[in-house]
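Reading through the structure tokens given below for one structure.
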Amino acid sequence: MHKNNMLPGAFFTLLGLFFLYIIVAVEQMQIVSSGADGIYGAGFFPFICSLLIFVMGIGLTLQGLKQRKGMAFSDGATVQADPEQKRNVRNIWQFLAGFAVMLIAWKLTRQFIVCTFLYAIYINYLFKRPWKFILAFAFIITAFIYLMFVWGFSVQFIA
Amino acid sequence: MTAEVWISAFQDLLRFDVMFYLFIGILLGTVIGALPGLSATMGVAIITPITFWLDKTVGLAMIMGLWNAAVFAGGITAILINTPGTPASITQAFDGYPLAKQGKGGLALGINVLYSFLGGMVSIILLILFAQPIAKFTISFTSPEYFMIALFGLSMMVAVSGDNILKGMILGVFGILLSTIGIDPISGARRMTFNYTNLNAGIDFIPVMIGLFGLAEILHQIYAHNQENALKEKALRSENLKLGRILPSFKQMKELTPRCLLVSFVATIIGAIPAAGGDISAIICWGNSKKFSKKSEEYGHGSVEGLAVSSTANNGVIGGAMCTMLTLGLPGDSVTAILLGSLMMYGLTPGYTMFTENAGFTSQIFILMIFANIGFLILGLATAKASAKVLNVNQQTVWACVSILCIVGTFCINNRFSDVIIMAAMGLLGLFFKIYDFPTGPLVLGLLLGSTMEKSMRRALVVSHGDFFYFFQRPISCVLFVVVILTLFAPIILKIKRKKLPLSN
């Protein structure tokens with residue numbers, strides 16, 4: 001399990017910076033109160049939050065740097081990926097690819113039931129289930145969604 | 001709440017559809033709680049959008065049934081295969097599994113059902129007795145107090161978020177930042193919508209929950225899957241364990257009940273603390289019960305007392321968590337965080353109005369919780385041995401089912417594809433957070449409480465003409481601020497002191 005905080009620290013530093021840029025430069029939101037009425041602008045709270053995220057992100061990155069140099073600050077350590085871990089990461093990518101393709105296909109074709117059926121087949125194939133099970137599962141879950149949501153609740157799955 | 005309100009609420013609930021969906025909820029909760037990898041939070045998160053298509057009372061019945069049953073059912077796998085079905089069942093594995101190995105699996109399952117019921121019922125009774133007086137206290141609250149209450153809730157969540165408080169704080173603030181996306185409620189300006197009209201109303205809470213607790217959990221299980229452990233679990237499941245009798249003897253019940261009654265009280269109080277859920281309650285109660293027990297050497301080696309205490313403690317938080325949520329608008333645990341979001345979607349605001357204008361609905365909630373407890377007691381005892389069959393479901397099947405239900409459940413909220421995209425994005429972020437040990441609780445709470453915090457803060461500043469010291473001039477607000485500071489910084493100071501101790505020695 002990766003516990004080194006450099007990557008997440010850098011992520012949040014950039015995230016904080018991104019939102020600060022959006023608030024100050026792009027949307028040019030009003031931050032401070034323009035008069036003695038005490039009414040702070042729409043940008044006040046987001047600005048404070050983004051600034052805090054940016055500062056804490058830097059803190060986390062520094063924590064990660066110290067971890068890397070082996071200083072006694074945190075107990076994190078990066079674990080080398082073993083073959084099973086590599087297989088798991090590959091499975092994640094394939095899972096996400098299937099998920100993304102399913103959503104794109106649904107958006108383009110508007111055929112949710114068909115896309116769900118094919119997605120169910122793909123996911124079970126990915127996890128090496130037997131073909132009888134794959135087909136039975138795909139039919140059952142698609143039928144369940146159709147009967148309960150499309151027919152029962154009249155949900156129109158139009159993306 | 002008067003007797004007429006209670007009687008009217010009770011009569012409204014005696015309908016076939018309410019009882020039917022309550023039973024469905026209990027059944028689903030038993031399955032979800034028993035399956036390792038699925039939790040009560042995930043189950044409630046996925047089922048909640050579906051309940052919006054049902055009558056309000058019927059939907060609530062289903063959620064209550066699922067929640068109460070899932071918490072108790074997490075003990076089934078903890079007892080039979082040493083794998084807690086939900087985080088709150090961790091301590092049930094300490095004594096339940098050794099009992100199962102001794103051939104007393106049936107007794108362990110029976111104790112789990114009975115004492116989960118006891119914990120749940122006592123906490124609901126305490127909820128009914130104390131919720132209204134606590135809510136009445138909040139009548140005097142104005143904007144500064146609401147801001148500080150929200151900050152207090154967030155600080156508690158951060159403080160219990162594990163070793164790295166900085167990670168908890170970052171996610172808490174990130175959650176608050178996400179809550180500011182959309183149209184500013186005071187000035188009407190668009191904030192960070194990137195010209196997408198769907199973002200004008202802000203980021204919906206339910207897709208975030210489903211993404212973080214549903215999809216992210218599945219992705220993480222795929223990521224952390226260990227074939228060797230999976231085969232060991234499969235071998236344990238197929239092992240022919242003699243479950244034996246289910247019900248404990250009258251003598252055993254007489255010995256266990258007084259202690260468990262006390263544990264119920266303690267668990268309810270722990271549940272009322274924001275962010276302290278069943279897992280924290282079970283660990284605290286089990287540890288302290290062991291300290292004060294005459295048979296402490298049996299704890300961890302098949303102690304019936306230890307199992308009874310654990311079972312009582314994890315269901316005992318339910319009433320406390322609901323109390324804090326209904327009265328202060330602060331979720332006591334992750335499930336009540338989802339319920340809070342659901343109440344807001346129904347147009348209800350936690351606080352004293354829940355016991356005045358919405359007294360009927362609130363009393364229905366309480367009665368449904370009682371029915372749910374009775375329901376899982378009957379179902380649990382009747383199907384204790386059969387419920388073990390649930391363990392035969394393959395983990396990959398669960399992954400496929402949940403990933404599809406996450407899409408379906410998310411789309412059902414508002415019939416918007418953008419919600420599904422948000423859910424998927426949060427699922428990816430949730431995986432990232434889990435890999436790098438970020439607690440997701442603060443993010444959820446920040447998203448929920450962010451708008452309350454901002455509105456309260458800006459209103460208070462309008463009243464005080466921009467003077468921030470106004471927050472410290474009001475006694476309750478000032479006290480809460482001190483508690484927030486202590487909650488956030490005391491663990492850091494203690495940690496630094498502990499690190500210095502070996503050096504000074």
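Please work out the FRET efficiency for the pair B:Ile7 and B:Ile125, using the Cβ-Cβ distance as r and a Förster radius of 25 Å; give the result to the nearest 0.05.
0.90
What is the percent carbon and sulfur in the accessible area of the range B:411-505, measuring with a 1.4 Å probe over the protein chains and ignoring ligands?
Looking at the range B:411-505 in its full context, I get 71 percent from C and S.
Please identify the longest segment of chain B free of exposed GluC sites (Glu not before Pro), where exposed means a DSSP state other than H, G, I, E or B and no more than 16 other Cβ atoms within 10 Å.
By the stated rule (loop sites, at most 16 other Cβ atoms within 10 Å), B:1-238.
So what is the calculated 222 nm ellipticity per residue for chain B, using -39500 (n - 2.57) for each DSSP H run with n of 4 or more, over all residues, to the nearest 500 deg cm²/dmol?
So the helix-based figure for chain B works out to -24000 deg cm²/dmol.
Over the Cα atoms, compute the radius of gyration (one decimal) and Dmax (the largest Cα-Cα distance, rounded to a whole number) for the range B:52-113, in Å.
Considering the range B:52-113 through its Cα atoms, Rg and Dmax are 14.5, 47 Å.
Could you give me the percent of Cα pairs per 5 Å distance bin for chain A, shortest bin first, beginning at zero and ending with the bin that holds the maximum distance?
Each 5 Å bin holds this share of Cα pairs: 2, 8, 10, 9, 9, 9, 10, 11, 13, 11, 6, 2, 1, 0, 0.
What accessible area per residue, rounded to a whole number of Å², is obtained for the range B:258-313 using a probe radius of 1.4 Å?
Per-residue accessible area for the range B:258-313 comes out at 42 Å².
List the residues whose amide H sits under 5 Å from the amide H of B:Arg191, counting only those 5 or more places along or on another chain, with H placed 1.01 Å from N in the peptide plane.
Amide H neighbours of B:Arg191, under 5 Å, 5+ apart: B:Gly182, B:Ile183, B:Asp184.
Set the Förster distance to 45 Å, then compute FRET efficiency between A:Val114 and B:Met19 from the Cβ-Cβ distance, nearest 0.05.
Here the calculated transfer efficiency is 0.75.
With contacts defined as alpha carbon pairs under 8 Å and 6 or more residues apart, what's the relative contact order of chain B in percent?
That works out to 28 percent.
Go ahead and run the numbers for FRET between B:Asn288 and B:Ile378, Cβ-Cβ distance against an R0 of 30 Å, rounding to 0.05.
0.45
The range B:1-139: D in µm²/s via Stokes-Einstein (Kirkwood Rh, Cα pairs, 37 °C, 0.692 mPa s)?
Calculated translational D: 200 µm²/s.
Over the heavy atoms of B:Lys497, what accessible area does a 1.4 Å probe trace out, to the nearest 10 Å²?
130 Å²
Testing the spin-label approximation: label points 7 Å from Cα along Cα→Cβ at B:Met345 and B:Arg498. State their distance in nm.
In this crude spin-label approximation the distance works out to 3.9 nm.
Please compute how much accessible surface disappears when A pairs with B, both sides summed, using a 1.4 Å probe, and round it to the nearest 100 Å².
5900 Å²
Zone of B:Ser140 (label point 7 Å along Cα→Cβ, backbone N under 14 Å): which residues in the range B:448-491?
B:474-480
Keeping the other protein chains in place, figure out the carbon and sulfur percent of the accessible area of the range A:110-159, with a 1.4 Å probe.
The value for the range A:110-159 is 73 percent carbon and sulfur by accessible area.
Does the protein assembly as shown come out rounded, prolate or oblate, given a ≥ b ≥ c as the square roots of the eigenvalues of its C-alpha gyration tensor, rounded meaning a/c under 1.5 and, failing that, prolate meaning a/b above b/c?
Note, shape of the protein assembly as shown comes out rounded.
For the pair B:Leu486/B:Ser187, report the inter-label distance in nm, with labels modelled 7 Å from Cα in the Cβ direction.
3.8 nm
Need the list of lysines near B:Lys101 for cross-linking: C-alpha distance under 28 angstrom, and skip anything on the same chain fewer than eight residues off.
Output for B:Lys101: B:Lys232, B:Lys234, B:Lys242, B:Lys251, B:Lys254, B:Lys290, B:Lys291, B:Lys294, B:Lys295, B:Lys385, B:Lys389.
What is chain B by shape, rounded, prolate or oblate, if you read a ≥ b ≥ c off the alpha carbon gyration tensor as root eigenvalues and call it rounded for a/c under 1.5, prolate for a/b larger than b/c, and oblate otherwise?
Rounded shape, in that the Cα axes give a/c under 1.5.
Considering protein heavy atoms only and a 1.4 Å probe radius, which residues within the range B:165-183 exhibit an accessible-area decrease of no less than 50 Å² in the full assembly relative to the chain by itself?
B:Leu166, B:Ile170, B:Val173, B:Phe174, B:Leu177
According to a simple spin-label model (label point 7 Å from Cα along Cα-to-Cβ), what is the distance in nm between B:Asn229 and A:Val24?
4.5 nm
Once the Cα gyration tensor of the range A:117-159 is diagonalised, what are the square roots of 5 times its eigenvalues, in whole Å and ordered largest first, as equivalent ellipsoid semi-axes?
Each semi-axis is √(5λ); the values are 24, 11, 5 Å.
The values are calculated or read from the model by the stated rules, or taken from the named source; none is laboratory data. As the structure is a computational prediction, the values presented were derived from the model and not from experiment. Cβ atoms come from the backbone with ideal geometry, glycine included; neighbour counts cover every protein chain shown. Calculation scope for accessible area: heavy atoms of the full protein, side chains included, ligands and nucleic acids excluded. Shrake-Rupley method; radii C 1.70, N 1.55, O 1.52, S 1.80 Å.
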